[in-house]
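Everything below concerns the one structure shown next.
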Ligand SMILES: [Zn+2]
Ligand SMILES: [Zn+2]
């Protein structure tokens, strides 16, 4: 089952004797465990005579792994998300009010509907009143026509006339930009941590310790969300 090989690799990786790439390469080069005779023997010895979920004694039964073993990419995503959560307060503090104000800018003067302040208005060549509000035309408000437009400030990058929401959007944007740049610095550390976790998961999986006897129906029911997630992800 190569438990000693993987345990040794994990120790070497934890100690920094090998890189995550070397560890991962060696683990993926190992023969597929569930094809080995030893695996089949151990699994058959562990399978009981009743389902742990529905208690049926009608076989056939399978040995269900109770600890999930996500794909390496999924583990990387989890590690990355944990890092983002950890870095968020720091990134938020890094983006100053002045940065946000500079990003929003003074805005452009635009002509808008006097009823709803929307900038999607158009001027009519011959008809009176001269202007029509597109929103009003679609039924957002009564009487979409007007002669004198209302002047507003339009924040182009945020596509809004509302200063407070432009500031909020700009802050979110600048924090996300800072986050992407910061997370990139941790690329190797993320893969290292994900490899450590993957090796530990592999050991649990191969040890067949965290398992239970399931009937095929219950095993299918439990695996279904996982199968659906994999189909969705592929
Ligand atoms: Zn069952
Ligand atoms: Zn309007």
Q.
Rg over Rh of the range 110-154, using C-alpha atoms and the Kirkwood radius, what does it come to?
A. 0.93
Q: Compute the Kirkwood hydrodynamic radius of the chain, taking the inverse of the mean of 1/r over all pairs of distinct Cα atoms, and give it in Å to one decimal.
A: 23.8
Q: Take every Cα pair under 8 Å in the chain that's 6+ residues apart, average their separations, divide by the length, and report that relative contact order as a whole percent.
A: 32
Q | Nearest 10 degrees, 0 to 90: helix 163-185 Cα axis against the chain principal axis | A | 30
Q: Considering only 176, 198, 134, give the residue with the highest GNM mean-square fluctuation for the chain, with springs between Cα atoms whenever their separation is below 10 Å.
A: 134
(Q) Considering all projection directions equally, how large on average is the shadow of the alpha-carbon convex hull of the range 6-119, in square nanometres? (A) 17.7
Q.
Rounded to two decimals, what is the ratio between the C-alpha radius of gyration of the range 139-180 and 2.2 N^0.38 Å?
A. 1.70
Q.
Tell me the volume per residue, in Å³, of the convex hull enclosing the alpha carbons of the range 72-113.
A. 142
**Q.** Choice from 216, 125, 157 showing the highest fluctuation, given a GNM over the chain with Cα pairs closer than 10 Å
**A.** 125
Q. Taking the chain as a Gaussian network, Cα atoms linked when under 10 Å apart, which of 94, 81, 128 shows the biggest mean-square fluctuation?
A. 128
Q: Can you quote the Å³ per residue value for the convex hull of the Cα atoms in the range 143-234, rounded to an integer?
A: 243
Q: Mind grabbing the base-10 log of I(q)/I(0) for the range 18-78 at q = 0.14, 0.15, 0.17, 0.21 Å⁻¹? Debye formula, identical points on the C-alpha positions, no solvent, two decimal places.
A: -0.65, -0.71, -0.82, -0.98
Q. Quick one: if you stick a label point 7 Å off each Cα along the C-beta vector at residue 201 and residue 50, how many nm between them?
A. 3.3
Q.
Give me P(r) over the range 70-170, computed from all C-alpha to C-alpha distances, binned every 10 Å, as integer percentages.
A. 14, 27, 21, 16, 14, 7, 1
Q.
At a 10 Å Cβ-Cβ cut-off, how would you order 34, 140, fewest neighbours first?
A. 34, 140
(Q) Can you tell me the orientation of helix 37-46 relative to the chain, as the angle in degrees between its alpha-carbon axis and the longest Cα principal axis, to the nearest 10? (A) 90
Q: Using Cα centres only, tell me the gap between the range 1-33 and the range 59-138 in whole Å.
A: 42
Q: Return one number: the angle in degrees, 0 to 90 and rounded to the nearest 10, between the long axis of the Cα atoms of helix 187-207 and the longest principal axis of the Cα atoms of the chain.
A: 40
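Every read-out reported here was derived from the displayed coordinates using simple, explicitly stated rules and does not represent laboratory data. On a predicted model such as this, the values are computed, not experimentally measured, just so you know. Here the Cβ is made from the backbone with ideal geometry for all residues, glycine too, and neighbour counts use every protein chain on show.
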